[in-house]
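Q: Questions regarding the structure given below will be posed in turn.
The values are calculated or read from the model by the stated rules, or taken from the named source; none is laboratory data. In this text, all values refer to a predicted model and were calculated from it rather than measured experimentally. FYI the Cβ positions are ideal-geometry reconstructions off the backbone, even for glycines, and counts take in every protein chain you see.
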Amino acid sequence: MAIDLIPIPLASDLPDVPADPEKQREWLEDLRKRYNTLYGILRQDVNRLAAPVRADAKEPDDPIGHGLAINTLTGAPVNLAASSFRNGLQLANGSDRGKVNVTFKYLGIGPVIVGSGVNVTYTADLAVSGVNGLDTGTEAGNTWYYVFIIVGDRGLEVEDTANALQPPMRRTGASVAALLSTSSTSPALPPGFNRFRLVGAVRNNSTSSTDTVAFVQDAVANKNYTGSGTGTVSITVGSGSNRVLLLKFSINAANTGGTGTFGVTSVSSDVGGAFTLAKAQGVTTETSPWNRAELWYLINPATGTHVISVAHPSDGGGTKYAVLVAEEWTGVHQTTPFSATAGSQAASGTVTTTITSATGEIVTDIVSARGHSGATYTVGAGQTQTNYSENDGSVSGQNNVNLASYESGAASVTMSWTNNGNLEWAQAVGSLQPATTTTTDLYRFTHAVDDIKFWWNEDVSAGDFLVLDTTSPATTFTDVSAAKVAPSTSRELMLLKNDSPGVHLKNKDHGNVVYDVELGAAGYLHVGCNASQVFQYAAGIENDDVQISVLGYVNIV
């Protein structure tokens, strides 16, 4: 390649030196100017000769992988083909049925290519929220989830030359992770991530089972509070699953003119964890109707014998009579044990509170009532009584009666107690909801090399993919829903049939298209079908074994 040099302006000769001193000064000034001009031109030519020689631009012999443009600000190449590039992309089973692994050497996401030429694996987990998990919500059964690799362009600018299939490329270092979403086009990206690429789909065939809420045992202790104090109750917690420990606290005043406050100020124990107040009902100061009931809970208490301490504030002069009841329950929801709470109080009459509940739940109550000689309380119909304890107060007729029971849940449940003395009472009620156990059953598609076909990464004999297995095939077309074996991105199902002859397949919406298979041998079939459609089968020969398995699906892009 020729180098374009600047011509050197050399004169043929120099004029003679004049004799006049004044003329000599002008001659020397002209000589200086000529020298400076020559020096400047020579310096530029030297610099041009020192610069590297660039080859003439030409079209590449092989245009594959050369989708480039030049960034006019930095002069760096920009890879316009990055969004469709992948090398070594594969989906595979995770360590359990709730995980899917995505492995690749290089993967284009938007204008960048991530990877270094060595296999790297990212795991998406149904039990995780956000990065490397679900984009929003919690795990749902019988649901398609779409698998994405996501990128956050927040790293330093780097130049990647490791990819032998692409020219050197300048890109931004990225944060990379996996993500699951019920949307195939618009996943909710976690903070710090701004790009995504769909790499496959998985179906969660999970099932849920509901536990049974069950009363196990209770323990009872009395406490008279004269001034501030702490009452204690001891209970031995068993090893049942989904445990909850309830504290049912009842208290009433002696009606002797005290000015103190009512209510528990704190609950502590060596069980582990903190008790939470679910419902408090009744007076907060020493006034009529003189009673207060409180319902507390602790999720997943440790097994073994434990002491629960209940602190009460200074009473202002009057004596308070209290009963502390600890109850152990199993089968209870471990995040939100109570679906609803309610309460009521009165100076006399039947104890009664109505609460919203549901089938499978258990409604439980705590009543703080006044007692006196000869007073009795009778549990309401349908309720199972778990406690009837009376603190024998030092003032006649001022005893505290602690009543507790439970009843099976329904849309609406009324908890009641009748008494023969028209005495003051307060009642707190809660509806315990059962724990649910989800068995995750995640089926995965593996990514094919053509970036369009997706194959089940499971044994094709698995029941969810063996969509047809009959010895009495219909002679007229019978529907088979594609919703369970094809995601929303599917446009064509890939099927495998056994050697049964005379099997006809078609898409129900394409009534004029019938796939006639009369080969009499096993083979692969393709039926155009998406997740919302139905494909149909029929057989020309009755009483013949017919088996059709779904191998995967095809994206038509």
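Q: Kindly evaluate Ala462 against the criterion of being of a type in the set (Gly, Ala, Ser), part of a loop (DSSP other than H, G, I, E, B), modelled with pLDDT of 75 or more and more than 21 Å from Tyr377 (Cα to Cα).
A: Values: of a type in the set (Gly, Ala, Ser): yes; part of a loop (DSSP other than H, G, I, E, B): yes; modelled with pLDDT of 75 or more: no; more than 21 Å from Tyr377 (Cα to Cα): yes.
Considered against the rule, which asks whether it is of a type in the set (Gly, Ala, Ser), part of a loop (DSSP other than H, G, I, E, B), modelled with pLDDT of 75 or more and more than 21 Å from Tyr377 (Cα to Cα), Ala462 comes out as no.
Q: Let me ask something else about it. Please identify the pairs in which a residue from region 328-350 that is in contact (Cβ under 8 Å) with a residue 24 or more places away in the chain has its Cβ atom under 9 Å from the Cβ atom of a residue that is part of a loop (DSSP other than H, G, I, E, B) and among the basic types (Lys, Arg), counting only partners at least 6 apart or on another chain.
A: Note: pairs meeting the criteria are Glu328/Arg243; Trp329/Arg243; Thr330/Arg243; Gly331/Arg243; Val332/Arg243; Gln334/Arg243.
Q: Kindly indicate whether any position in region 341-357 is modelled with pLDDT of 95 or more, in a loop (DSSP other than H, G, I, E, B) and in the same structural domain as Val271 (by TED's automatic domain parsing).
A: Yes.
Q: Ok, one more. Which count do you get for residues in region 15-55 that are modelled with pLDDT of 70 or more and not in a helix (DSSP H, G or I)?
A: 6
Q: For a quick check of your reading: which strands (runs of 3 or more DSSP E) sit entirely within region 88-159 and have at least 2 residues that are buried (at least 22 other Cβ atoms within 10 Å of the Cβ) and aliphatic (A, V, I, L, M)?
A: Where strands (runs of 3 or more DSSP E) fall fully within region 88-159 and carry at least 2 residues being buried (at least 22 other Cβ atoms within 10 Å of the Cβ) and aliphatic (A, V, I, L, M), they are 99-109, 112-125, 143-152.
Q: Can I ask one more? Considering region 225-268 alone, what residues qualify as being at pLDDT 70 or above, part of a strand (DSSP E or B) and closer than 15 Å to Arg292 by Cβ?
A: Gly231, Leu247, Lys248, Phe249, Ser250, Ile251, Asn252, Ala253, Val267
Conditions tested, residue by residue: (1) surrounded by fewer than 23 Cβ atoms within 10 Å (Cβ to Cβ); (2) small (Gly, Ala, Ser); (3) more than 16 Å from Trp290 (Cβ to Cβ).
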position	(1), (2), (3)
Gly331	yes, yes, yes
Ala347	yes, yes, no
Ile366	no, no, yes
Arg370	no, no, no
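Q: With the structure loaded, tell me whether Tyr515 is crowded, with 16+ Cβ neighbours inside 10 Å and modelled with pLDDT under 65 or whether it fails that test.
A: Working: crowded, with 16+ Cβ neighbours inside 10 Å: yes; modelled with pLDDT under 65: yes.
Taking the combined requirement at face value, the residue satisfies it.
Q: Identify, from the list Gly520, Gly540, the residue that is at pLDDT below 70 and in contact with a Pro (Cβ under 6 Å, 6 or more places away or on another chain). Walk me through how you get there before you give the answer.
A: Values: Gly540 fails: in contact with a Pro (Cβ under 6 Å, 6 or more places away or on another chain).
Just one listed residue meets the conditions, Gly520.
Q: Output the residues belonging to region 372-382 that are over 48 Å from the mean Cα position of the chain (by Cα), crowded, with 17+ Cβ neighbours inside 10 Å and under 24 Å from Ala280 (Cα atoms).
A: Passing the criteria: only Tyr377.
Q: Now for a separate question. Would it be correct to say that Thr336 is part of a strand (DSSP E or B) and of a type outside the set (A, V, I, L, M, F, W, C)? So that I can check it myself, show each step before the final result.
A: Details: part of a strand (DSSP E or B): no; of a type outside the set (A, V, I, L, M, F, W, C): yes.
No; evaluated as a whole, the condition is false for this residue.
Q: While we're on this one: Out of the residues in region 465-490 that are modelled with pLDDT under 75 and among the small types (Gly, Ala, Ser), which is surrounded by the most Cβ atoms within 10 Å (Cβ to Cβ)?
A: Out of the qualifying residues, it is Ala474.
Q: For region 180-224, what are the residues that are among the small types (Gly, Ala, Ser), part of a loop (DSSP other than H, G, I, E, B) and at pLDDT below 80? Please lay out each step first, then the result.
A: Going through region 180-224, the residues among the small types (Gly, Ala, Ser) turn out to be 181, 183-184, 186, 188, 192, 200-201, 206, 208-209, 214, 219, 221.
From what is left, the residues that are part of a loop (DSSP other than H, G, I, E, B) are 183-184, 186, 188, 192, 206.
If the condition is that a residue be among the small types (Gly, Ala, Ser), part of a loop (DSSP other than H, G, I, E, B) and at pLDDT below 80, then Ser206 is the only one that fits.
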